[in-house]
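Asker: Quick one: this structure, given as structure tokens, is what I'll be asking you about.
The values are calculated or read from the model by the stated rules, or taken from the named source; none is laboratory data. Note that the structure is predicted; figures quoted are calculated from it, not measured. Glycine also receives a Cβ, built like all others from the backbone with ideal geometry; neighbour counts cover every protein chain displayed.
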Amino acid sequence: MTVRSETENTGDMELLNLSSLDMDSDAILADTIHYHSRMLGRRTVRRQEHFLYQALVHATRDRLMERWIETSNLLQGRHGKRACYISLEFLMGRLLRNALLNLDITEQAGEALGRLGVDLEDIHEQEHDAGLGNGGLGRLAACFLDSCATIGLPVIGYGLRYHFGMFRQRLENGRQMEEPDSWLREGYPWEIERIERARVIKFGGRVVRIRDSMARTHVDWVDTHDVLAIPYDLPIPGYKNDIVNTLRLWSAAATDEFDLEEFNAGSYTDAVAAKNEAENITMVLYPNAETDSGRELRLRQQYFLVSASLQDILHDWVLQYGPDLGQFANKHCFQLNDTHPAIAVPELMRLLMDDHGLGWDDAWKITTSTMAYTNHTLLPEALETWPVALFEQMLPRVLEIIYEINARFLSEVSLRWPGNLDILGSMSLIQETPEKIVRMAYLAIVGSFSVNGVAELHSRLLQKGLFRDFAGLWPHKFNNKTNGVTQRRWLAACNPGLARLITGRIGPGWVTDLDQLERLKPLADDAGLQEEWRAVKHANKARLADDIHTRTGIYVNPETLFDVQVKRIHEYKRQLLNVLHAVHLYDRIQRGDGDGLPPRTIIIGGKAAPGYEMAKNIIKMINNVAAVINTDPAMRGRLQLIFYPDYNVSGMELICPAADLSEQISTAGKEASGTGNMKFMMNGAVTIGTLDGANVEIREAVGEENFFLFGLTVDEIPAVMEDYDPQSIIDTDEDFARVMRLLDNGHFNRFEPHVLDEVLEAVRDTADPWMTAADFRAFIDAQESAGMAYQDQQHWTRMSILNTASSGRFSTDRTMRDYNRDIWGLDEIPVNTS
Ligand code: 26V
């Protein structure tokens, strides 16, 4: 190691030329043993043990570290533009498999452990998922980071280091029980604490204005309760390119300064106890519950993340370029992952004006040319609002700025629509209900230069519906960026059998250029490929069957059609419709009408928000129906229904390679995009789905003959809703009537009267927003077609191959290039592909 000269402005000595570590199995073994004994103090090695996992992570991390330092040196030297992906959620899952893949040392690590008599797969099992997200939105952020590092985009993720991530789900008598997720309990060897980069975050207090000797007014936010934000960095390696980007997660801690008054008054313990309150901020991830409004801690989290991240960026700017912020907007872009970090708009204004001395106009120009907002939902109940009163006491200075933004915005509105008071009221950032509330989505739109949806249909509906007036005012802001998933995790790493088969036929280029999967198309009818394709799928199904047995004690048969729906449990996603189909199949087999049906295993998994009663009732219903089906001798070899417990990222890594049929059955217009749909497609599952979210684009890509379409379209729904009468639909459909009769008669809740009542009422509700009954018949028929198609294994395998072959567009590599081309405008880091 040599010491190099001083860095540009800081005068720090820089240690460079870290001798690069060998990547062969000898070196990895030596380092693993070193950490195992010298750092962790272990004498013997045991299979399936956490210490060995930790030791291997440290050996791997060392190899990331030198590339990480190189990458940040490179970036610092380039003076280029950077994007910050600000998100309350990063659903990273496990990191080891991905790190080994991207460093290209999977085989070497496997060999090293093999020499200790240990199976690398057992070591992977030791890793806790980093479950810092609810579902699609958080996992999307994680896929984005992988793609940015791989294609060489200088993007840093900013998030929160929750002490407890997504709860663990346990079932008790078919009901969901939540348990805390202590993912940090045994230490988390991937993170680097950067205490020297801690920032102070202010809460509460009051605003004062001071005139200086030059008669200028300064705004001071005083008497605040301060909390320390401490960053923990995670490495984000690109695929075989020596780039390592950063995910920076903030953790809350008490400032060391005690409240002196309290301290001197003798309440030493009270003063120390204040520490607790501060640390609460990053204690727990909020589940997507009914509404966030009024939940003070959640707003605290949002502000804490945003303020810490923006201060971090501004601090670096001043270090590197000095106090002049004239070029700041040319070098930064902040992508807001939903409205959760929308408070970044007024917070950047505050920092620029109050801490960096800019005037309103200059600050506003910088803010509105650096902020970009992504919307992830059309559901009105999921749109965030916060009570003005809460802002007032928690963030008084921020509220002042929001009011000022609103005043200036509304004068622009009245120029555009003179004398139209209605539109002023409907577009105002403040909703003047008895309890005044701040509309965070509107704040995000007003403060951003770009507003995007996450699938073509979703973006269109945003502009036609939810944000119509804003799209009228600023059409240039609105755009679409269809979601994707990273094929490194969701094909190369989780489905090694299929990855090997594909690479054998078309070469390895698809790992960084997913469109190359197109080359499989001419081979879709190749008998040799078909046979191997089926063998891989079968092996994946056997692997999942083992996992299901471990989790539930139930044996499922890999020879059956695996019909899979895994995602958060929500009425709009219509797991209920899926269960109605399961009951229908049960009924058909019972009445002796099941002979043409392929043996089927229906797998449903997902978590319900702890406060979402209906979703929890649906879980109970799935489990009750499953209990009857799985113990009925008449169903043996024909039908099984499994509720997959504690579904998470690692669960999906086993599930999506094993699926035959992918259930994407939300009510049209409700699912913004979906990303599970893309993972299944990539792994050769055929979709049964509605024209919703990215399903529309999936169907276009694969061709309508390779997709089982059903259900009302967005355009049809309003007319049907006019005189919607589920009971008459039930009465006029013999199959539906029989299904409801079984359910009504308590066939699935013999000793638990009324436990299904609310769910059944919802089906019959004339105001059912999810219109389950309206799509019943179409769904049953589409399932029938899917079942028939599966009986012809050659035809099915062709469809399966064509699904994988057509999934190129759904790589986040493409998504990130789209963001970069239209929104960020970053220069790609030259990639080392040697
Ligand atoms: C939040 C809430 C909270 C209130 C109760 C109901 C409810 C329902 C959904 C949500 C989710 C809001 C944001 C979100 O997670 N959107 C998801 O983002 C994914 C990535 O873009 C996308 O694929 C999913 O379709 C979308 O639901």
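The rows are residues; the columns are (1) more than 29 Å from ARG206 (Cβ to Cβ); (2) under 29 Å from the mean Cα position of the chain (by Cα); (3) basic (Lys, Arg).
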site: GLN327; (1), (2), (3): yes, no, no
site: LEU336; (1), (2), (3): no, yes, no
site: ILE343; (1), (2), (3): no, yes, no
site: GLU400; (1), (2), (3): no, no, no
site: LEU410; (1), (2), (3): no, no, no
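Asker: For residues in the stretch 103-132 being of a type outside the set (D, E, K, R) and in contact with a Gly (Cβ under 8 Å, 6 or more places away or on another chain), which is nearest to GLY187 (Cα to Cα)? Steps first, please.
Answerer: We begin by selecting, within the stretch 103-132, every residue of a type outside the set (D, E, K, R); these are 103, 105-106, 108-110, 112-114, 116-118, 120, 123-124, 126, 128, 130-132.
Next cut, in contact with a Gly (Cβ under 8 Å, 6 or more places away or on another chain) only: 120, 130-132.
Details: LEU120: 20, ALA130: 12, GLY131: 15, LEU132: 16 Å.
By that ranking, first place goes to ALA130.
Asker: Anything in the stretch 686-722 that is small (Gly, Ala, Ser), assigned to a loop (DSSP other than H, G, I, E, B) and either within 21 Å of the chain's Cα centre (by Cα) or over 23 Å from ARG568 (Cβ atoms) (or both)? List them, or say none.
Answerer: Within the stretch 686-722, the first condition is being small (Gly, Ala, Ser), and the residues that meet it are 689, 693-694, 701, 703, 711, 719.
Still in the running and assigned to a loop (DSSP other than H, G, I, E, B): 693-694, 703, 711.
Hits for the stretch 686-722 are GLY693, ALA694, GLY703.
Asker: Which number in (1) over 23 Å from LYS331 (Cα atoms); (2) surrounded by fewer than 19 Cβ atoms within 10 Å (Cβ to Cβ); (3) not basic (Lys, Arg) marks the one condition that GLY825 misses?
Answerer: (1)
Asker: Residues being surrounded by 21 or more Cβ atoms within 10 Å (Cβ to Cβ), among the polar types (S, T, N, Q) and in contact with a helix residue (DSSP H, G or I) (Cβ under 9 Å, 6 or more places away or on another chain): count how many of those fall in the stretch 451-501.
Answerer: Final tally of qualifying residues: 6.
Asker: So, of the residues in the stretch 221-247 that are of a type in the set (Phe, Trp, Tyr) and in contact with a helix residue (DSSP H, G or I) (Cβ under 9 Å, 6 or more places away or on another chain), which turns out to be surrounded by the fewest Cβ atoms within 10 Å (Cβ to Cβ)?
Answerer: Going through the stretch 221-247, the residues of a type in the set (Phe, Trp, Tyr) turn out to be 221, 232, 239.
Right, trim to in contact with a helix residue (DSSP H, G or I) (Cβ under 9 Å, 6 or more places away or on another chain) and you get 221, 239.
Working: TRP221: 20, TYR239: 24.
Result: TRP221.
Asker: Another question, if that's okay. Go through (1) away from the ligand (no atom under 16 Å from the Cβ); (2) buried (at least 22 other Cβ atoms within 10 Å of the Cβ); (3) aliphatic (A, V, I, L, M) and name the single condition ALA342 misses.
Answerer: Of (1) away from the ligand (no atom under 16 Å from the Cβ); (2) buried (at least 22 other Cβ atoms within 10 Å of the Cβ); (3) aliphatic (A, V, I, L, M), only one is false for ALA342: (1).
Asker: Mind listing just one residue for me: the one in the stretch 345-381 that is among the small types (Gly, Ala, Ser) and closer than 20 Å to THR217 by Cβ and, of those, nearest to the ligand (Cβ to nearest atom)?
Answerer: Within the stretch 345-381, the first condition is being among the small types (Gly, Ala, Ser), and the residues that meet it are 357, 359, 363, 369, 372.
Right, trim to closer than 20 Å to THR217 by Cβ and you get 357, 359, 363.
On the way: GLY357: 37, GLY359: 36, ALA363: 29 Å.
Ranking the qualifying residues of the stretch 345-381, first place goes to ALA363.
Asker: Any residue at all in the stretch 50-67 that is touching a residue at least 24 places away in the same chain (Cβ under 8 Å), under 27 Å from ASP818 (Cβ atoms) and in contact with a Pro (Cβ under 8 Å, 6 or more places away or on another chain)?
Answerer: Taking every residue of the stretch 50-67 in turn, at least one turns out to be touching a residue at least 24 places away in the same chain (Cβ under 8 Å), under 27 Å from ASP818 (Cβ atoms) and in contact with a Pro (Cβ under 8 Å, 6 or more places away or on another chain).
Asker: Condition (residue is small (Gly, Ala, Ser), within 30 Å of GLU700 (Cβ to Cβ) and out of contact with any Ser or Thr (no Cβ under 6 Å at 6 or more places or on another chain)) applied to the stretch 404-411: is it met by at least one residue? Don't jump to the end; show me each part of the working.
Answerer: We begin by selecting, within the stretch 404-411, every residue small (Gly, Ala, Ser); these are 407, 411.
Next cut, within 30 Å of GLU700 (Cβ to Cβ) only: none.
No, the conditions are met nowhere in the stretch 404-411.
Asker: Would you please list the contacts, defined by Cβ atoms under 6 Å and residues six or more apart or on different chains, that run from a residue in the stretch 124-149 that is touching a residue at least 24 places away in the same chain (Cβ under 8 Å) to a residue that is more than 10 Å from the ligand (Cβ to nearest atom) and of a type in the set (Asp, Glu)?
Answerer: Pairs that qualify, where the first residue is touching a residue at least 24 places away in the same chain (Cβ under 8 Å) and the partner is more than 10 Å from the ligand (Cβ to nearest atom) and of a type in the set (Asp, Glu), are GLY131/ASP181; SER147/ASP813.
Asker: Something else now. Of the conditions (1) free of Cβ contacts under 8 Å to residues at least 40 places away in the same chain; (2) surrounded by fewer than 20 Cβ atoms within 10 Å (Cβ to Cβ), GLU518 clears all except one; give me its number.
Answerer: (1)
Asker: Give the residues of the stretch 669-703 that are of a type in the set (Gly, Ala, Ser) and away from the ligand (no atom under 13 Å from the Cβ), sorted by residue number. It would help to see each step written out before you state the result.
Answerer: So in the stretch 669-703, the residues of a type in the set (Gly, Ala, Ser) come out as 669, 672-674, 676, 684-685, 689, 693-694, 701, 703.
Hits for the stretch 669-703 are GLY684, ALA685, ALA701, GLY703.
Asker: Since ASP324 meets every condition but one in (1) at pLDDT 95 or above; (2) closer than 23 Å to GLY472 by Cα; (3) not in a helix (DSSP H, G or I), which condition does it not meet?
Answerer: Looking at each condition in turn, ASP324 falls short on (2).
Asker: In this structure, is ILE717 modelled with pLDDT of 95 or more and over 17 Å from ASN578 (Cα atoms)?
Answerer: It is true that ILE717 is modelled with pLDDT of 95 or more and over 17 Å from ASN578 (Cα atoms).
Asker: Just one of (1) at pLDDT 95 or above; (2) within 16 Å of the ligand (Cβ to nearest atom); (3) acidic (Asp, Glu) trips up GLU384, so point out which.
Answerer: So GLU384 meets the others, but not (1).
Asker: Of (1) without any contact (Cβ under 8 Å) to a residue 12 or more places away in the chain; (2) closer than 18 Å to GLN575 by Cα, PHE751 satisfies all except one. Which?
Answerer: (2)
Asker: When the residues of the stretch 38-69 are filtered to those that are among the hydroxyl-bearing types (Ser, Thr, Tyr) and within 27 Å of the chain's Cα centre (by Cα), which remaining residue is surrounded by the fewest Cβ atoms within 10 Å (Cβ to Cβ)? If you could, list the steps in order and put the result at the bottom.
Answerer: Looking only at the stretch 38-69, we keep the residues that are among the hydroxyl-bearing types (Ser, Thr, Tyr), and these are 44, 53, 60.
Now drop any that are not within 27 Å of the chain's Cα centre (by Cα), which leaves 53, 60.
Values: TYR53: 22, THR60: 24.
My answer is TYR53.
Asker: Give the residue, chosen from GLU392, GLU347, GLU400, that is surrounded by fewer than 20 Cβ atoms within 10 Å (Cβ to Cβ), touching a residue at least 24 places away in the same chain (Cβ under 8 Å) and more than 30 Å from GLY669 (Cα to Cα). Quick ask: steps written out before the conclusion?
Answerer: On the way: GLU392 fails: touching a residue at least 24 places away in the same chain (Cβ under 8 Å); GLU347 fails: surrounded by fewer than 20 Cβ atoms within 10 Å (Cβ to Cβ).
Result of the check over GLU392, GLU347, GLU400: GLU400.
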